[in-house]
1. Mind listing the phi-derived Karplus ³J(HN,Hα) values for the stretch 80-87, rounded to whole Hz, using 6.51, -1.76 and 1.60 with θ = phi - 60°, and x for any glycine or proline?
2. Using 0.36 nm times the number of residues separating residue 12 and residue 53, minus their current alpha carbon distance, what extension gain do you get?
3. Beyond 23 Å, what percent of the Cα pairs of the chain remain?
4. Expressed as a rounded percentage, what relative contact order does the chain have, with Cα pairs under 8 Å and six or more residues apart?
5. Cut-off 16 Å, label point 7 angstrom out along Cα-to-Cβ of residue 87: give me the residues of the stretch 15-51 whose amide nitrogen falls inside.
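Nothing in this text is a laboratory measurement; each read-out follows from the coordinates by a stated rule. Predicted model only: the values in this text are computed from it and were never measured. Glycine also receives a Cβ, built like all others from the backbone with ideal geometry; neighbour counts cover every protein chain displayed.
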Amino acid sequence: MTMLVPLQAVPNQTAIFIIGEQNLQCQLNVYQKAIGMFLDLYVEGSNVLAGVLCRNLTPLVINSYFGFPGDLMFVDNLKLNADPIYTGLGSRWFLIYMNSVDAAALDLSPVFV
């Protein structure tokens, strides 16, 4: 299961979403700093990630032992491989949730032309 996590084009925000497969409440704090955009993740009120730099096409959770069933990743809708900034959230950059199966099958190996 893959789903879009709704974010707004504002520099600091909190988003709450439910992972339907397991009915887990997740909270994201997304905030822009001069050197990039960062994310904190809470699952059922417990901190899972803090201060993770948001990069395009880069899984944010990576390790299942953090207690999050799956992964989160920003995707540049213009396919220019730029890292997200708040002004483009919800239009250019989208945050997607992938369950563990979809995240494990993800192949982000570089393509050389």
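1. 9, 6, 8, 6, x, 10, 4, 5
2. Details: separation 41, 0.36 × 41 = 14.76 nm, distance 1.41 nm.
Residue separation times 0.36 nm, minus the Cα-Cα distance, leaves 13.4 nm.
3. Values: 1484 of 6328 pairs.
For the chain, the fraction of Cα-Cα distances above 23 Å is 23 percent.
4. Working: 222 pairs, mean separation 29.9, N = 113.
The value is 26 percent.
5. Flagged as within label range: 32-37.
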